[in-house]
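Structure first, commentary second.
Please treat every number below as a calculation from the coordinates, not as lab data. What you see is a predicted model; the values in this text were computed from it and never measured. Counting neighbours? That spans all protein chains shown, and the Cβs are built from the backbone with ideal geometry, glycine included.
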Amino acid sequence: MSQTPRTLQPALSERHFFEAELRRRPERANLSRVRLSVMIRFGADLVCRVETVDRLPSCEFAEACDKALATGCPDASATAARISTPDGRTFASSPRRG
């Protein structure tokens, strides 16, 4: 059973905007989480957790999403850095190997 997605308010914060776009853009492109995860080389579980605001995106994750979804964001990694924890840590895992 899938969970009901959290309601995001993109104007509330950069984090909410990022997660809202992470939901909207793949849907518009008809991409599943699994397909997006293959394209960006991060696990589908991580894509889901970032999308539902359970995890923060790393700079690498944001850049990979920007490239795969052709968002045109001038500096996706800077956005990810601004929405990381106050001590600068992010919670997204490393890209998959292989």
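Brief remarks on what is shown
- Summarising the label geometry, the points placed 7 Å from Cα in the beta-carbon direction at Thr71 and Asn30 lie 2.3 nm from one another.
- Exposure proxy shown here: for Asp45, Asp66, the number of other Cβ atoms within 10 Å sets the order, fewest to most, as Asp45, Asp66.
- For Thr71, the shell of other residues with beta-carbons less than 9 Å away shows a net charge of 0, using +1 for Lys and Arg and -1 for Asp and Glu.
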